[in-house]
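Just below is one structure, and these are the notes that go with it.
The values are calculated or read from the model by the stated rules, or taken from the named source; none is laboratory data. All figures in this text were calculated on a predicted structure; none of them were measured in a lab. Cβ coordinates were reconstructed from backbone atoms using ideal geometry, including for glycine residues, and neighbour counts include every protein chain displayed.
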Amino acid sequence: MSIQYDKEILSNSNYTLKVNFSGIKDSIATAENLKMSIYSYSKTGAPLFSETLNYDQIKLLYHHLEQISIIRDSSSTISGKFIESSSEIGELVAKLGLNSKTNLLKSLLITLDKDEKISNILSALSDLEVDTLFAYQRCHDWKKEIENLQKLLELEDAGNIVQEINRHPDLHKYSAGQPEKIFQNWIDKNHLWIFGVEYVKKHDVRQISLYSEGDLLMESIDGFLDLIELKRPSNAIFGKVDVSHKSYYPSSDLSKVIGQCLYYLQKMDDIKLNLEKEYKIKIIRPRIKIITGRTNNYTDDQYSALRMLNCSLNNIEIISYDSLIKYGEKMIACYT
């Protein structure tokens with residue numbers, strides 16, 4: 001099919017608008033030589049304006065027009081999308097910072113009500129773009145939850161968290177009458193992502209009288225039951241260093257929790273058939289995670305001692321609240 005190098009776009013009683021391609025010889029053009037001129041002249045032939053685009057500018061114009069569905073599809077007489085989108089929303093995210101992207105969305109959506117916004121945005125996006133959009137929203141929510149946990153830890157360090165939490169409206173959703181319950185409320189809202197992809201469901205601990213309300217019964221991705229035991233961040237993991245032997249040992253608080261967990265493991269073996277039958281879960285040597293204490297000021301020796309302690313405990317793992325924050329930050333990094 002032959003292409004007109006000089007094409008009339010518009011003509012009326014006042015002026016004529018044309019497009020002209022140059023730099024083409026024997027129907028062949030190179031990127032270096034190809035030019036497109038847009039020019040206009042009056043009915044008397046007097047020039048009105050002229051502008052010449054190079055190869056890169058021509059491509060930019062072409063790709064921009066190609067993204068508009070009503071132009072791309074010659075059989076369409078109406079655009080099928082409120083927001084014309086490319087196949088890769090990541091390209092937009094890479095080019096737009098958070099603030100500019102937010103302002104752009106606000107300017108696009110300010111005239112629509114809530115239902116129209118949701119409907120029009122989703123209809124304009126491909127499945128990949130919808131998944132990407134939700135991933136970014138998920139990361140935003142997770143970042144906020146990590147910030148909230150850090151605030152809770154600051155309140156715990158400062159003193160009476162039960163009272164002080166009421167001064168922070170963004171933390172009210174975790175409020176409780178006991179410090180441990182406050183942190184349990186945070187875990188309740190975040191248990192399906194803060195441990196990675198390890199857990200898929202939480203079981204109601206109140207239905208199983210073996211456990212206290214401070215415990216979380218979690219179903220792992222392979223269908224087995226695990227337990228999360230929550231204690232306060234203010235509880236020490238290690239007691240005072242044994243100077244004579246240059247070693248660390250579990251604090252009295254942690255020793256009690258470990259003993260409690262060993263009791264749980266024994267009882268689980270005793271009644272596992274009844275639990276499996278009644279609650280439709282699989283029980284084979286459950287793993288127990290103890291969330292307790294802080295490690296933000298630990299030395300290398302203390303981190304090594306904690307590693308050794310975890311390695312020596314069978315099916316029991318001690319996780320500090322600072323490690324929990326690191327888990328969350330790693331999960332967020334995987335989505336950004």
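Give me the residue from the stretch 314-332 that is part of a loop (DSSP other than H, G, I, E, B) and out of contact with any Phe, Trp or Tyr (no Cβ under 9 Å at 6 or more places or on another chain) and, out of that set, surrounded by the most Cβ atoms within 10 Å (Cβ to Cβ).
So the first thing to find is which residues in the stretch 314-332 are part of a loop (DSSP other than H, G, I, E, B), and the list is 314-315, 320.
Within this subset, residues satisfying the condition of being out of contact with any Phe, Trp or Tyr (no Cβ under 9 Å at 6 or more places or on another chain) are 314-315.
Numbers: Asn314: 9, Asn315: 13.
Within the stretch 314-332, the match that is surrounded by the most Cβ atoms within 10 Å (Cβ to Cβ) is Asn315.
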Look through Ile165, Ile146 and report the one residue that is at pLDDT 85 or above, assigned to a helix (DSSP H, G or I) and not assigned by TED's automatic domain parsing to the domain that holds Lys231.
Ile146
Residue match in the stretch 306-313 (condition: of a type outside the set (S, T, N, Q), exposed (fewer than 10 other Cβ atoms within 10 Å of the Cβ) and at pLDDT 90 or above):
yes
Determine if the stretch 22-34 includes at least one residue that is part of a strand (DSSP E or B) and at pLDDT 85 or above.
yes
Subset of the stretch 232-256, residues outside any helix (DSSP H, G or I) and among the small types (Gly, Ala, Ser), comes to Ser234, Ala236, Gly239, Ser244, Ser247, Ser251
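Just to be sure I understand, how many residues within the stretch 226-255 are of a type in the set (Asp, Glu), more than 23 Å from Pro286 (Cβ to Cβ) and in contact (Cβ under 8 Å) with a residue 60 or more places away in the chain?
0
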Search result, residues across the stretch 264-286 that are surrounded by 14 or more Cβ atoms within 10 Å (Cβ to Cβ), of a type in the set (Val, Ile, Thr) and more than 36 Å from the chain's Cα centre (by Cα):
none
